[in-house]
Amino acid sequence: MTTILADERGLGNAAVSDDRVLSIEGLSVDYGFTDQPTHVLRGVDLDLHRGEVLGLAGESGCGKSTLAYAALRLLPPPGLITGGSVWLTDPSGRRRDILAMTDPQLRASRWVDTAVVFQGAMNSLNPVFQIGAQIMDAIKAHQPHSTKQQRLERVGELLEMVGIARDRISSYPHQLSGGMRQRVMIAMALALEPQVLIMDEPTTALDVVMQRQIVEQIADLRQQLGFSVIFITHDVSLLIEIADRIAIMYAGEIVEQGPAQAMYHAARHPYTQALLASFPPLHGPKKELTGIPGAPPDLARGTVGCPFAPRCAFSMPICLESDPALGRSAVAADGPDRQVACHLHDQVDDLPPALTKIWPESRLAS
Ligand code: SF4
């Protein structure tokens, strides 16, 4: 089954298949090897559908990069995966748990099944090698029987695909602008046509014009090649434009997820609402931006109840005792695609006054 997700800007409105290319189940990560490690991810469930752009957003330190790197087993020490599974499903239906792969299986899978464009990746090109040689090395590692001519041809194709002329193949990184270096990193990540591409703040170091060009390029490439993307950023406005679905993280947990446009027009979690109010609107008149009062909890000290409670205008007594699970939104019109972790959505039969304050027009699920 396929659904078309609405997008007013036309960037993230590809047909999104319901079949899952990546299923993260109960992923937990601790930092530190002491008797009292910090639980930075706590049983996270998240699906990436084939062909979609999934945006992952939240304030710094919420665990979004940790989630992506742990899912691909790229987490450096002292990060330690303490539980969960990450199922990768091929188009043929074959399922493999990335967390259970042997080291040789993992090496064979990287770049071919999954690839990452890291934060600040444009600065990770080796300054003493030509960019073409660096991309060819990545291809040769996985296709050792390919000829040099075949690899050269492929690099030329990849550069053109990301909007760089073939004759730049002999350029050194310092001869390219920041935007071009970032495009080279995207070309390298796509060299072996992975099913899943993780992009961690890929446009953060670029100016606004270059950010837009790169984002449009990613959208075009996704349409052409059909890969799936997890796009990580703290900039929710950017995600609304490029993502089909968005997952919002807070204190190591997913607190809301759903179709991007629906979340933009009617966020259901108080944290998502506050996050959206912190960024300029996409269209229409300018509005006054409000920050989110307070700071995220110090996970090293542990949390009790809803981690957002100290900052939440709608906090109730139950919020201080119990951490809400991610479940269906209380608003009937949202449908099953919308999930929220908030006690306001627990009590659909006994409407809490706070819910009517947020969504007075809402029709509640029975
Ligand atoms: Fe606010 Fe309570 Fe919902 Fe947490 S569970 S976001 S404290 S209303």
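What do you reckon, is GLN223 in contact with a Ser or Thr (Cβ under 6 Å, 6 or more places away or on another chain) and either free of Cβ contacts under 8 Å to residues at least 40 places away in the same chain or open to solvent by 30 Å² or more (accessible area, probe 1.4 Å) (or both)?
Taking the combined requirement at face value, the residue does not satisfy it.
Identify the single condition in (1) open to solvent by 40 Å² or more (accessible area, probe 1.4 Å); (2) within 14 Å of the ligand (Cβ to nearest atom) that THR290 does not satisfy, given that it satisfies every other one.
Only one criterion is unmet by THR290, namely (2).
Say we look at the range 304-329 and pick out the residues that are in contact with a strand residue (DSSP E or B) (Cβ under 9 Å, 6 or more places away or on another chain) and more than 10 Å from the ligand (Cβ to nearest atom); which of these is most open to solvent (accessible area, probe 1.4 Å)?
Taking the candidates together, the pick is ARG328.
Just one of ARG245, ARG268 is more than 16 Å from the ligand (Cβ to nearest atom) and touching a residue at least 40 places away in the same chain (Cβ under 8 Å); which is it?
ARG245
For ARG151, only one of the following conditions fails: (1) surrounded by 14 or more Cβ atoms within 10 Å (Cβ to Cβ); (2) closer than 20 Å to GLN223 by Cα. What is its number?
Of the numbered conditions (1) surrounded by 14 or more Cβ atoms within 10 Å (Cβ to Cβ); (2) closer than 20 Å to GLN223 by Cα, the odd one out for ARG151 is (2).
Quick one: ALA332 ticks every box in (1) open to solvent by less than 70 Å² (accessible area, probe 1.4 Å); (2) within 15 Å of the ligand (Cβ to nearest atom); (3) modelled with pLDDT under 90 except a single one, so which number is it?
Checking ALA332 against (1) open to solvent by less than 70 Å² (accessible area, probe 1.4 Å); (2) within 15 Å of the ligand (Cβ to nearest atom); (3) modelled with pLDDT under 90, the one that fails is (2).
For the range 34-113, please list each of the strands (runs of 3 or more DSSP E) lying entirely inside it that holds at least 2 residues being surrounded by fewer than 16 Cβ atoms within 10 Å (Cβ to Cβ).
Those strands (runs of 3 or more DSSP E) span 79-89, 95-97.
Suppose we filter ALA333, ALA313, ALA325 for residues that are in contact (Cβ under 8 Å) with a residue 24 or more places away in the chain and in a loop (DSSP other than H, G, I, E, B); which single one remains?
ALA313
So is GLN175 under 19 Å from LEU206 (Cα atoms) and either at pLDDT 95 or above or open to solvent by 80 Å² or more (accessible area, probe 1.4 Å) (or both) or not?
So GLN175 passes the test.
The values are calculated or read from the model by the stated rules, or taken from the named source; none is laboratory data. None of these values were measured; they are calculated from a predicted model. Positions of Cβ are backbone-derived with ideal geometry, glycine not excepted, and every protein chain shown enters the neighbour counts. Accessible surface areas use protein heavy atoms only, side chains included; no ligands, DNA or RNA. Shrake-Rupley method; radii C 1.70, N 1.55, O 1.52, S 1.80 Å.
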